[in-house]
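The values are calculated or read from the model by the stated rules, or taken from the named source; none is laboratory data. Because the structure is predicted, anything quoted here is derived from the model rather than measured. The protein model used for the area step is the full one, side chains on, heavy atoms only, and it has no ligands, DNA or RNA in it. Shrake-Rupley method; radii C 1.70, N 1.55, O 1.52, S 1.80 Å.
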Amino acid sequence: MKKNHLRRNKFNILISLAFLLICYFLFKQGYLSGGEKDPGFHQNLLTVNTIFLGFLFTALGIMVGFADKKLIKALDQAGYMDNYYNSIYFGLFFHGVSTVISTIAVVISHNIIQNEFVVIQQITLLGGVLFFIKSIIGILKIIGEIRNDIQ
């Protein structure tokens, strides 16, 4: 059976496009900048990113734990679970990129990191938080479906 990835992820794609437009607006308005940062800026972002990464991996574990449920198997075969899994993957990707940049900035001098990388770090942190929220909403919906199926 051929998967239609665009159809199954249209909501994630729409969120990503809207997010990129908002980030462009924020950058043009000066809210996202690579200018001078507090010396602990990158270490603080590293901490925040790793916390969100841990929560997203936990969410992925919860989703995998639901995979043996009859209802979830049926939803997965119909392609409805892709949206939920992929929102977790998007969040993991965004936080992963931000974590790598934060780690490099902490290990080597934060003054060496180019302003563009700092902006990318900020954008990927925001994108990760956005998809973290979407993932949590998705997990709550799945839990609700499982609870309704049990009753």
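Worth pointing out:
- GNM result for the chain, Cα springs below 10 Å: residue of Gly65, Gly96, Gly138 fluctuating most strongly: Gly65
- With Cα atoms, 0 to 90° folded angle of helix 115-150 axis to the chain main axis: 20
- Long-range Cα-Cα pairs in region 2-151 (distance over 20 Å), rounded percent: 55
- Dividing the C-alpha radius of gyration of region 67-151 by 2.2 N^0.38 Å, with N its residue count, gives 1.50.
- ³J(HN,Hα) computed for each position of region 25-33 - Karplus, 6.51 cos²θ - 1.76 cosθ + 1.60, integer Hz, glycine/proline x: 4, 4, 5, 5, 7, x, 6, 10, 9
- For the chain, the solvent-accessible area with a 1.4 angstrom probe is 62 square angstrom per residue.
- Accessible area of region 1-141 belonging to carbon and sulfur atoms, whole % at 1.4 Å probe: 69
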